[in-house]
Amino acid sequence: MDTRRGTPVSPGVAAGPVLLLDTEWFRISRRKLRTADVDAEIERFRTAMAAAATEARQEQQNIGKQLGRQYGAIFEAHAMLLEDPAMSGEIELQIRTDEYAAEYAVSRVIRRYAKAFQSVGSSMLAGRASDLFDLERRVIGCLLGDRREELKHLTAPVIVMAHDLTPSQAAQLDPSKVHAFVTEAGGRTSHTSILAAALEIPAVVGVGPFLEDVSGGDEAIVDGNHGLVILDPDDATRAQYESARKTYVSFERSLDELRDLPAETKDGVRITLLGNIEFPHEAAHAVAKGAEGIGLYRTEFLYLSRDSDPTEEEHYKAYCEVLSHLPAGVPLVVRTLDLGADKFNPRSEPVSEEQNPALGVRSVRLCLQNLPLFKTQLRAIFRAAVHGDIRILFPMITTMRELRRCKLLLKEVKEDLFEDGVPFAREVPIGTMVEVPAAAILAGPMAREVDYLSIGTNDLVQYTLAADRTNEHVAELYSAVDPAVLFLIQRVLDEGRKAGKKVNVCGEMSGEPFFAALLLGMGLRQFSVTPHSIPEVKRVIRSLTLTEAENIAREALLLETASEVMNYLRTQSRRLLPELEL
Ligand code: PEP
Ligand code: MG
């Protein structure tokens, strides 16, 4: 048994066989053979090794012709390893004595060799390890042939483990088959993590290198509440986790009782709780969890995993679909396209090759450089707004000039729609996200230009602390309760109040029950959170008076480091809600 620790990004507990995504793209199970089938399995293994060696020699020739002999020689070395009797002998022994299916035996032996290379600490030998992973992929590919079971077509539950997952890969995960996922890379608010929470798949990210210790088909437990990954659990641990899983499910059920109760403090201050969504159908789930509307619809997911940009009609249909899941009259905040940085599609590759994509042409900057793309979306929003309370939200606004350009464009789009004789809503509230320090500093003038502000703490933390939200190596720096971040949030709340405009927080911070009392005490009255967090946040709000929350905020804002704030909030949360395992 081997326990690894990472960042918990989506709660819940799951156990099952591992599917290693980055090497396999298909499933290897720890299948046992009948003794009578062992000889045939060894024959099947030898045939696959021979086929893999032939493939490698073919590659040697092709690459040699294209790039030169020295490059082709890499594949000659692969072929020689595949023909080397020492390694095949070991694999055959595992098939014969342990009666493992060939795929599993190959994965185990090759990974052991790779690990030995990696542990020597020489970069030359570490490079050999990636050659071995390549061999593993090739041999298993030959063994499985047409029987490859791809991620999209899984037939049995698995726990996906990968070095990293892109948001579009995560979006394809089917929660009925993928019971949890674990990645070596990634941070708390990367879009992949946000998707895991939206799909309600328990997930742990940023575990660091560990995949060479795992073979497809191994058993694992993922504890998305505490950020633990247990490889090869023993029976006692399995039993303990099965009971933890049941407790978690009944805890979730107990939260459902809060659904129809108002989000108000003990002294009757009413708070608005909205849901964040990435896909139209999630709106129904958000409502089921008690959302009073959608405070953030991340529309860029309409653009990911496809070959062409969505048409105006596709945008329009998506927005109408969200409205169809909402009770009449509740708000739907449609955030305009926020592509770039970690959310990109293959067609926008040149943009993603910038040296600093997070500081480059992402989000509203991309839209303002591609007006036809931007206008297509804006037209659809105005048209859909005929059918419900739709509001527009611009992401990543950094300067007043950008904000004014966006507003001007809205006027142009409305004129075009009028000329085209298409029905559209004339009065659509406009908001701007506060996600970069410049916008927080200019919150006063920004607030005067718009109908509402929405603080995107995921990016605000990243840009304030200069810590990439997707990079596990700076995860310690990346904290929503760093005093510098809290200073900016307080400023935006104060400036919004002075300008008489509503302020919302839609970053992951507002969904952390831990932070709810603090934000409330700082003056926040509207939270927009991942649907599954709504009941927990509501429970915190209902557990205290506004004065108590204000006292918590006052104390927290006097502290000088993120960990002091964190410890203080942890103590306060335990005091308020001992039953919540915060
Ligand atoms: C944010 O940055 O806090 C936010 C809500 O936007 P996203 O996570 O989509 O970047
Ligand atoms: Mg953002």
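The table below gives the values:
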quantity: Leu408/Thr97 FRET efficiency (R0 60 Å; Cβ-Cβ; nearest 0.05); calculated: 0.20
quantity: Diffusion constant of the chain at 25 °C, which comes from Stokes-Einstein with the Kirkwood Cα-pair radius and 0.890 mPa s, µm²/s; calculated: 95 µm²/s
quantity: Cα centroid separation - region 527-582 against region 463-508, whole Å; calculated: 16 Å
quantity: Heavy-atom surface of region 35-144, accessible at 1.4 Å and reported per residue (Å²); calculated: 51 Å²
quantity: At 1.567 mPa s and 4 °C, Stokes D of region 35-144 from Kirkwood alpha-carbon radius, µm² per second; calculated: 90 µm²/s
quantity: Rounded accessible area of Met161 (nearest 10 Å², 1.4 Å probe); calculated: 0 Å²
quantity: Helix-only [θ]222 nm of the chain, DSSP H runs n ≥ 4, -39500 (n - 2.57) each, per residue, nearest 500; calculated: -15500 deg cm²/dmol
quantity: Label-point separation in nm, Glu252 to Gln58, each point 7 Å along Cα→Cβ; calculated: 4.6 nm
quantity: Heavy-atom SASA rank of Glu472, Glu200 (probe 1.4 Å, accessible area, largest first); calculated: Glu200, Glu472
quantity: Tensor-based shape of region 420-543 (alpha-carbon gyration tensor, a/c under 1.5 rounded, otherwise prolate or oblate); calculated: prolate
quantity: Probe 1.4 Å, accessible area per residue of region 264-580, Å²; calculated: 40 Å²
quantity: Within the chain, percent of DSSP bridges classed antiparallel, to nearest 5; calculated: 35 percent
quantity: Residue order for Glu136, Glu43 - accessible surface, 1.4 angstrom probe, largest first; calculated: Glu43, Glu136
quantity: Lys/Arg +1, Asp/Glu -1 at C-beta; region 440-486 dipole; positive extreme among Val450, Ala475, Thr464; calculated: Val450
quantity: Between region 200-249 and region 411-443, the alpha-carbon center distance in angstrom; calculated: 45 Å
quantity: Relative contact order, percent, region 35-144 [alpha-carbon distance under 8 Å, six or more residues apart]; calculated: 29 percent
quantity: Kirkwood Rh, angstrom, region 229-334 [1 / mean 1/r, Cα pairs]; calculated: 16.9 Å
quantity: Average Cα contact separation per residue, the chain, under 8 Å, 6 or more apart, as relative contact order %; calculated: 14 percent
quantity: Anchor Lys317: lysines whose Cα lies under 29 Å away (excluding residues fewer than 8 positions away in-chain); calculated: Lys152, Lys177, Lys289, Lys343, Lys375, Lys407, Lys411, Lys414, Lys502
quantity: Hull shadow area, averaged, region 250-391 [alpha-carbon convex hull, nm²]; calculated: 10.9 nm²
quantity: Residue-span extension gain [Phe487 to Asp134] - 0.36 nm each, minus C-alpha spacing; calculated: 122.2 nm
quantity: Euclidean distance of C-alpha centroids, region 94-111 and region 364-393, integer Å; calculated: 55 Å
quantity: Dipole magnitude of region 35-144, debye to nearest 20 (Cβ charges: Lys/Arg +1, Asp/Glu -1, about Cα centre); calculated: 520 debye
quantity: Sparse-neighbour loop sites [trypsin sites (Lys or Arg not before Pro); region 227-324; at most 16 other C-beta within 10 Å; DSSP]; calculated: Arg259, Lys266, Arg306
quantity: Order of exposure, largest accessible area first, which applies to Phe45, Phe424 with probe 1.4 Å; calculated: Phe424, Phe45
quantity: ³J(HN,Hα) computed for each position of region 41-50 - Karplus, 6.51 cos²θ - 1.76 cosθ + 1.60, integer Hz, glycine/proline x; calculated: 5, 5, 4, 4, 5, 5, 4, 5, 5, 5
quantity: Rounded, prolate or oblate (a/c below 1.5 giving rounded, otherwise prolate when a/b exceeds b/c) for region 264-580 by Cα gyration tensor; calculated: prolate
quantity: Given charges at Cβ of Lys, Arg, Asp, Glu: the chain dipole, positive-most of Ser190, Ala15, Cys142; calculated: Ser190
quantity: Relative contact order computed over region 264-580 (Cα-Cα under 8 Å; 6+ residues apart), in percent; calculated: 19 percent
quantity: Cleavage-rule hits, GluC sites (Glu not before Pro), region 387-469, DSSP coil, Cβ neighbours within 10 Å at most 16; calculated: Glu427
quantity: Scaled radius of gyration (Cα, divided by 2.2 N^0.38 Å) that region 177-250 gives; calculated: 1.12
quantity: Cβ-placed point charges (K, R +1; D, E -1), dipole of the chain about Cα centre in debye, nearest 20; calculated: 1360 debye
quantity: Distance in nm between pseudo-label sites at Tyr71 and Ala438 (7 Å out along the Cβ direction from Cα); calculated: 4.1 nm
quantity: Potential extension, Arg554-Arg542 segment - 0.36 nm per residue separation minus Cα distance; calculated: 2.4 nm
quantity: Of the GluC sites (Glu not before Pro) in region 71-107, those whose Cβ has at most 16 other Cβ within 10 Å and which sit in DSSP loop; calculated: Glu99
quantity: Sulfur and carbon atoms: percent of accessible area, region 478-536 [1.4 Å]; calculated: 51 percent
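The values are calculated or read from the model by the stated rules, or taken from the named source; none is laboratory data. Predicted model, so just to flag it, every value in this text is computed and none were measured. Note that we place each Cβ from the backbone using ideal geometry, even for glycine, and neighbour counts take in every protein chain shown. Just so you know, the surface numbers come from the protein's heavy atoms only, side chains and all, with ligands and any DNA or RNA stripped out. Shrake-Rupley method; radii C 1.70, N 1.55, O 1.52, S 1.80 Å.
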